[in-house]
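Inspection log for the structure reproduced underneath, given as structure tokens.
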Amino acid sequence: MFSHIRTIWLTFLHLFKRHVTIQYPEEKIKLRPRWRGRIVLTKDPDGGERCVGCYLCAVACPVDCIALQATEDENGRRYPEFFRINFSRCIFCGYCEDACPTYAIQLIPDFEMAEYNRQNLVFEKEDLLINSQGKYPGYNFYKVAGMNAGVKEKGEGENEDAPVDIHSLMP
Amino acid sequence: MNYLFYISSIVAIAATVMVITRHQPVHALLYLVVSFLGVAMIFLSLGAPFVATLEIILYAGAIIVLFIFVVMMLNLGRESAIQERQWMQPKTWIGPSILTAILLGELLVLLTMGGSAPMPQQTVDLKKIPLSLYGEYVIAVELTGFLLMAGIVGAAHIGRHKKKYLHRFLKQEEEAV
Amino acid sequence: MQHVWIVLGVLFVLLNIAAGLIWVERRMLAMWQDRLGPNRAGPLGILIVLADTLKLFFKEDWIPPFADKWVFIVAPAVVVGSVLMSFVIIPFTPQIIVSDLNVGILFFLAMSSLGVYSIVLGGWASNNKYSLLGAMRGASQMIAYEVFMGLSLMGVVMLTGSFKLGDIVNAQKDMWFVVKQPLGLILFFIAGIAETHRLPFDIPEAESELVAGYHSEYSGMKFGMFFIGEYLGITLISAVTVAMFFGGWLGWSFLPPWAWFFLKTFVFILFFILLRASLPRPRYDQLMETGWKILLPLALANLMITGAVALLVRG
């Protein structure tokens with residue numbers, strides 16, 4: 001009986017406490033940079049697509065909401081022919097970002113994606129691709145990769161030795 | 001006031017007729033409630049507000065609710081209404097109705113023969129009721145109390161859990177000890 | 001003619017209070033839960049009342065094909081009707097009272113006992129398992145709590161020697177009955193919560209167990225009637241508590257009598273809402289056990305002691 005009265009009193013005291021409600025459309029919540037929201041495809045500092053169409057994100061995705069088709073340009077640089085994310089399925093787990101070897105796919109702090117039409121939640125590559133480097137500025141995959149894809153000659157990348165002449169047997 | 005008396009009497013009688021003729025038990029009970037309300041209204045128009053409110057509190061408010069409660073629990077559906085309809089053949093009700101009609105006729109004759117006495121229009125003071133209950137009619141009240149006590153004791157006896165129902169594992173354990 | 005104006009005025013005020021309580025309850029509940037509550041429509045969100053009412057009016061008024069049509073329609077009317085009838089005996093001021101019956105409190109008890117029918121009939125007519133369970137619970141709960149609701153008020157009646165609410169209020173000129181009858185107040189208030197089946201005793205509805213209990217199948221304004229009936233019930237219990245135990249319209253003279261009455265009533269309405277915000281729902285059997293085994297004997301003991309003391313004092 002006493003505990004009931006105490007409960008009533010404590011609840012009454014809540015009248016004088018600050019409310020925790022954030023009045024959303026006028027007052028926005030502060031999102032941290034690592035907040036997992038809308039998925040984007042970033043570009044490297046030169047303005048080329050980072051994505052190399054390795055399918056690792058599609059494999060990692062637990063709800064299978066990512067679909068893409070890889071292709072190559074005339075220099076042998078791989079890029080996705082189409083890249084489609086169905087946000088009505090996406091659960092914003094961030095596994096695709098973890099799986100991505102080239103920092104191309106990233107989750108950004110933005111959640112305001114409500115739509116009246118469900119079909120509008122299927123984002124194509126031109127919707128996903130942003131003109132920014134995202135969370136990893138300065139990173140350019142083809143600069144550190146071994147192959148020549150029109151970005152740099154073989155052996156001229158960062159921290160890369162000149163290619164070994166395999167015809168010479170000298171150690 | 002006389003008009004109120006006649007209106008409520010007609011309502012009460014009509015409701016009671018409906019109680020008898022309804023096939024669905026819950027509907028019959030609802031008409032019974034209306035009948036009780038009509039009777040309460042009659043009491044009120046005769047200057048007995050205490051009895052009128054008690055009629056509503058006890059009969060309409062508690063006893064009929066219990067009736068409806070039981071009917072709800074029994075889950076009497078359409079089948080029971082059909083069965084009721086089969087039981088209500090003219091040969092079952094025509095005899096009693098003729099007899100009752102004769103009585104009603106006698107009553108009407110008596111009512112029309114006797115001169116018209118004015119209806120007593122005097123409100124019963126609330127204090128008179130307990131005084132007469134615990135003064136004049138104290139034995140009746142006590143006897144009613146005995147009767148109700150017997151009913152309560154009987155109900156308590158029926159409702160008592162004598163046996164302890166144990167799960168068979170626990171029973172075995174108890175037997176082992 | 002004056003009677004008609006009083007009836008119309010009381011009806012108008014009561015229905016407005018019942019509607020306004022939608023907003024009051026939601027705002028206050030929010031405050032006690034560190035939220036804001038409805039604050040968009042109009043100043044402080046008070047137009048939510050209008051929005052809610054309009055919404056209820058324009059919703060589909062659906063009668064399920066498996067329901068017992070007429071009983072289904074009558075049930076919501078019973079709840080509002082019986083509660084509004086009870087307000088007949090409430091003395092708002094010495095002048096503003098519809099009818100100061102000499103069986104006042106008994107009339108209130110009679111009308112509140114008729115209120116059970118709305119639950120029972122609504123639950124039964126819906127022809128739905130959850131509704132029926134709610135109706136059964138409601139019926140047994142209200143019958144159980146009605147018994148000592150009456151008994152808890154009889155202490156006050158003994159001290160006054162009258163069933164008239166006007167006399168009872170006048171008898172509190174020197175001292176409110178809350179001082180002489182604290183147990184009676186507590187018992188009456190608990191019974192009142194159970195009678196209006198408000199939280200924490202909302203066992204007939206119990207959203208978490210029975211969908212919405214006895215009014216699961218109701219929609220539109222029929223549901224609205226249950227809704228209004230509940231708020232009117234709160235107001236009624238608060239008003240009766242004030243009249244019986246807290247001196248009704250009596251108060252210092254800087255406010256008119258009606259203001260005192262409404263102020264006191266409003267405090268109790270807020271207390272109802274506070275109870276909703278703070279206490280969890282007891283189990284059905286716990287509720288019945290408390291009612292029959294603890295509160296009823298307490299009410300009887302209160303009655304006996306009050307009677308004995310009253311006899312002693314009068315000599």
Which listed residue, of A:Arg18, A:Arg89, A:Arg32, is assigned to a loop (DSSP other than H, G, I, E, B), touching a residue at least 24 places away in the same chain (Cβ under 8 Å), over 30 Å from A:Asn140 (Cβ atoms) and not acidic (Asp, Glu): A:Arg89
Is it true that B:Leu44 is in contact with a Phe, Trp or Tyr (Cβ under 9 Å, 6 or more places away or on another chain), buried (at least 20 other Cβ atoms within 10 Å of the Cβ) and assigned by TED's automatic domain parsing to the domain that holds B:Ser9? no
Flagged in region C:156-169 as part of a helix (DSSP H, G or I) and touching a residue at least 40 places away in the same chain (Cβ under 8 Å), in numbering order, are C:Val156, C:Val157, C:Met158, C:Leu159, C:Leu165, C:Gly166, C:Ile168, C:Val169
C:Trp23 passes all but one of (1) in a loop (DSSP other than H, G, I, E, B); (2) touching an Asp or Glu at 6+ places or on another chain (Cβ under 9 Å); (3) over 25 Å from C:Val120 (Cα atoms); (4) not aliphatic (A, V, I, L, M); which number fails? (1)
Working only within region C:190-207, note down all residues that are over 12 Å from C:Ser131 (Cα atoms) and part of a loop (DSSP other than H, G, I, E, B). C:Thr196, C:His197, C:Arg198, C:Leu199, C:Pro200, C:Phe201, C:Asp202
State whether one or more residues within region C:85-99 are of a type in the set (A, V, I, L, M, F, W, C) and at the interface with another protein chain (Cβ under 8 Å from one of its Cβ atoms). no
Pairs needed: first member in region A:63-74, on the phi > 0 side of the Ramachandran plot and touching a residue at least 12 places away in the same chain (Cβ under 8 Å); second member anywhere, surrounded by 15 or more Cβ atoms within 10 Å (Cβ to Cβ) and of a type in the set (Gly, Ala, Ser); C-beta distance under 8 Å; at least 6 residues apart or different chains. A:Asp64/A:Ala58
Of all helices (runs of 4 or more DSSP H) fully inside region B:59-124, the set with 1 or more residues that are within 30 Å of C:Met142 (Cβ to Cβ) and modelled with pLDDT under 80 is B:64-74, B:78-87
Among the residues of region C:198-226, the number that are of a type outside the set (A, V, I, L, M, F, W, C) and more than 22 Å from C:Asp68 (Cβ to Cβ) is 6
Quick check: anything in region C:44-58 within 14 Å of chain A (Cβ to nearest Cβ), on the phi > 0 side of the Ramachandran plot and without any contact (Cβ under 8 Å) to a residue 60 or more places away in the chain? yes
Does C:Phe108 meet the test of being away from chain B (no Cβ under 12 Å) and under 20 Å from the mean Cα position of the chain (by Cα)? no
Given the options A:Ala58, A:Ala67, name the one that is away from chain C (no Cβ under 14 Å) and in a strand (DSSP E or B). A:Ala67
State which residue pairs qualify: first residue touching a residue at least 60 places away in the same chain (Cβ under 8 Å) and inside region C:1-17, second residue polar (S, T, N, Q) and part of a helix (DSSP H, G or I) in any location, beta carbons under 8 Å apart, and separation of 6 or more residues or different chains. C:Leu14/C:Thr235; C:Ile17/C:Thr235
With C:Gly155, C:Gly161 as the choices, which residue is crowded, with 24+ Cβ neighbours inside 10 Å, among the small types (Gly, Ala, Ser) and within 22 Å of C:Ser86 (Cα to Cα)? C:Gly155
Which count do you get for residues in region A:18-52 that are within 14 Å of chain C (Cβ to nearest Cβ) and touching a helix residue (DSSP H, G or I) at 6+ places or on another chain (Cβ under 9 Å)? 2
Considering residues of region C:248-276 that are touching a Pro at 6+ places or on another chain (Cβ under 9 Å) and either within 14 Å of chain A (Cβ to nearest Cβ) or outside any loop (DSSP other than H, G, I, E, B) (or both) only, the residue farthest from C:Leu21 (Cα to Cα): C:Pro257
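The values are calculated or read from the model by the stated rules, or taken from the named source; none is laboratory data. Quick caveat: nothing in here was measured; it's all calculated off a predicted structure. Every residue, glycine as well, gets a Cβ built from its backbone with ideal geometry; the counts of neighbours run over all protein chains shown.
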